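Peer 1: Here it is: the structure, laid out below.
The values are calculated or read from the model by the stated rules, or taken from the named source; none is laboratory data. All of these numbers come straight from a predicted model, not from anything done at the bench. When we count neighbours, we look across all protein chains shown, and the Cβ atoms used for this are built from the backbone with ideal geometry, even at glycine.
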Amino acid sequence: MRALRDFNIPKIVTDDKPIFIRLIADLFPNAKAEDKKPSHLTKTCEKTTKNDMGLIPEEQFVKKCIDCADILDVRHCMFIIGPPGCGKTTVWKTLIQTHKNNNQDGEYDTLNPKAVNVDELFGCYTKSKEWRNGVLSVILKNQNKC
């Protein structure tokens, strides 16, 4: 129950979260999943938010940063979506600074996938049957250089 909740809640839009919680409660009628306890990462994120980013470490903001970290623990990448001004950029920048403060590596690239066509984004074969790397291929290749 807790695994379903903790893994999926960060990916669900706010309006659908109560519905999802009720579905899980119906699947596990007699169970009660404990909330996650604050981790070392949570405390470091709060310090990073205040000291490095110059922001107030509100509980919801820090939770979003930790949710992103949890997703990245099991996934290679993620998309952060939302309306303008909702804090998308601040969340991932705070998270990467938190990892740096924990002496962990972190790397990111940003791109606008609408700025290129599909072949330029993913790569394609040319008319002469040669492979031409796309933007994503080049980014991944550069990030994997030692």
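Peer 1: Please go through (1) touching a helix residue (DSSP H, G or I) at 6+ places or on another chain (Cβ under 7 Å); (2) exposed (fewer than 15 other Cβ atoms within 10 Å of the Cβ) for residue 38 and return the number of the only condition it doesn't satisfy.
Peer 2: (1)
Peer 1: Looking at segment 103-132, which of the residues that are under 28 Å from residue 68 (Cβ atoms) and polar (S, T, N, Q) is surrounded by the most Cβ atoms within 10 Å (Cβ to Cβ)?
Peer 2: Going residue by residue through segment 103-132, those that are under 28 Å from residue 68 (Cβ atoms) are 103-116, 118, 120-123.
If we keep only those that are polar (S, T, N, Q) as well, we get 103-104, 110, 112.
Working: 103: 6, 104: 10, 110: 7, 112: 7.
The qualifying residue surrounded by the most Cβ atoms within 10 Å (Cβ to Cβ) is 104.
Peer 1: Could I ask something else about it? Among (1) in a helix (DSSP H, G or I); (2) more than 14 Å from the chain's Cα centre (by Cα); (3) within 24 Å of residue 106 (Cβ to Cβ), where does residue 71 come up short?
Peer 2: Unmet condition: (2).
Peer 1: Take segment 44-77 and flag every residue that is of a type in the set (A, V, I, L, M), more than 18 Å from residue 100 (Cβ to Cβ) and either touching a Cys at 6+ places or on another chain (Cβ under 7 Å) or in contact (Cβ under 8 Å) with a residue 40 or more places away in the chain (or both).
Peer 2: Answer for segment 44-77, where residues must be of a type in the set (A, V, I, L, M), more than 18 Å from residue 100 (Cβ to Cβ) and either touching a Cys at 6+ places or on another chain (Cβ under 7 Å) or in contact (Cβ under 8 Å) with a residue 40 or more places away in the chain (or both): 71, 74.
Peer 1: Within the group 66, 56, 9, 81, which residue is at pLDDT below 85 and in the same structural domain as residue 104 (by TED's automatic domain parsing)?
Peer 2: 81
Peer 1: Looking only at residues that are touching a residue at least 24 places away in the same chain (Cβ under 8 Å), of a type in the set (Lys, Arg) and part of a helix (DSSP H, G or I) in segment 2-43, which one is farthest from residue 67 (Cα to Cα)?
Peer 2: Result: 2.
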